[in-house]
Amino acid sequence: MTDPSELDTTEFPLSHAPESERPPSSMVTVDIGAQSDVGRVRENNEDNYLVARSGRHLDTLLTSLPEDAAPGRFDETGYVAIVADGMGGAVGGEIASRLAITALINIVVHVPDWILRFNEDNADEVSERASGYYREVNQRLVEEARLNPELRGMGTTMTGAYSVGDTLFIVHVGDSRAYLFRDGVLSRLTRDHTQAQRLADAGIIQPEAVETHRLRHVLTNALGGNESEAKAEIHRLRLLDGDRVLLCSDGLHDMVDDETIGEILKGEPASRPASAALVAKALDQGGKDNVTVVIAGYRIPRGARESS
């Protein structure tokens, strides 16, 4: 297990390979599994998730151009995965996580120019847009709570993954998590935005004490709630063939330690059975909270562009 403080994904270069050596995003296949459970203690599920595929394509139907002058078909394909864990009252948490994902998707689908190919020139713009989207979602939740006093204080975590081809962006607020499973090693990509983690960052408690500290569920950064602003943590990295990305709510990582999560992923190479096995393990360990898991496994061909 690699601690996120030791893995500075924001510094991973987007590409050193010539464009001709990078596979088109449509040739990258993604095996996705997702599962959510209310757990064994809670009465309602305040977690929500979404997995979506985005893209653009061009089909040449008729042309007078020579055969090699225009592509017969052109595709770029992206994948979005989001996990949100709500908080706030009897129904506030469930509403907050649902509204946050719905608001984010509605914002994105109305953006006129989707970025579906990344390079060093536009990577910062992608990050800036993602931060702006999260700020807008935060304001929508705050406004909804203002208009509905029974929802006052509702908020949610939200951890999202956006991949196009072999480039991955992680956008994160709260204490849901994103992990990378590569070559049998599980690495945490995100940091928990909690009081316990803040104490560890300040050197007041030891890092290993965070997982059991009494303040480990007190959020310092969330969407909605009583905060006027939320700051998104953003990472980007280059995916390798065989990588797997795991998004989960704290109902998983509270119940199942990272070593066990890695062992389950190692034993279940397909995403659907792996997500089911992780949820089942959290329930076996007590299921004290809602538990949600999304897994994406990437197959990234080499030299695909030359053969396309």
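Bear in mind that the values in this text are calculations on the coordinates, not laboratory data. For clarity, every value in this text was computed on a predicted model and none was experimentally measured. Cβ atoms come from the backbone with ideal geometry, glycine included; neighbour counts cover every protein chain shown.
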task: Under 15 Å Cα to Cα from Lys281, which aspartates and glutamates show up? Leave out anything in the same chain fewer than 8 places away.
output: Asp37, Asp250, Asp254, Asp257, Asp258, Glu259, Glu263, Glu268, Asp289
query: For labels at His217 and Arg299 in the simple 7 Å Cα→Cβ model, what's the distance in nm?
result: 4.1 nm
Intensity falloff of the range 47-162 expressed as log10 I(q)/I(0), Debye formula with alpha-carbon point scatterers, at q = 0.11 Å⁻¹: -0.49
message: Through the Karplus equation 6.51 cos²θ - 1.76 cosθ + 1.60, θ set to phi - 60°, convert the phi angles of the range 246-259 into ³J(HN,Hα) values in whole Hz; use x for Gly and Pro.
response: 10, 10, 7, 7, 5, x, 8, 6, 6, 9, 10, 6, 4, 4
- line: The orientation-averaged projected area of the Cα convex hull of the chain, in nm², is 17.4 nm²
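What shape does the range 112-238 take by its C-alpha gyration tensor, where a ≥ b ≥ c are the square roots of the eigenvalues and a/c under 1.5 counts as rounded, a/b above b/c as prolate, and the rest as oblate?
Because a/c hits 1.5 or more and a/b fails to exceed b/c, the range 112-238 counts as oblate.
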- request: Report the full-extension gain for the segment Ile204 to Ile32: residue separation times 0.36 nm, less the Cα-Cα distance, to one decimal in nm.
  value: 58.0 nm
field: FRET efficiency, Lys231 to Glu43 (Cβ-Cβ, R0 51 Å, nearest 0.05)
entry: 0.95
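Could you give the length gained by full extension between Asp183 and Ser54, i.e. 0.36 nm per residue of separation minus their alpha carbon distance, to one decimal place? Display every interim value, and only then the final one.
Numbers: separation 129, 0.36 × 129 = 46.44 nm, distance 2.77 nm.
Result for the pair: 43.7 nm of gain on full extension.
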message: Under 10 Å, Cα contacts only: if you run a Gaussian network model on the chain, which one of Ile170, Ile115, Ile204 comes out with the highest mean-square fluctuation?
response: Ile204
task: Quote to one decimal, in nm, the extra length available between Glu150 and Asp113 on full extension: 0.36 nm per residue of separation minus the C-alpha distance between them.
output: 9.6 nm
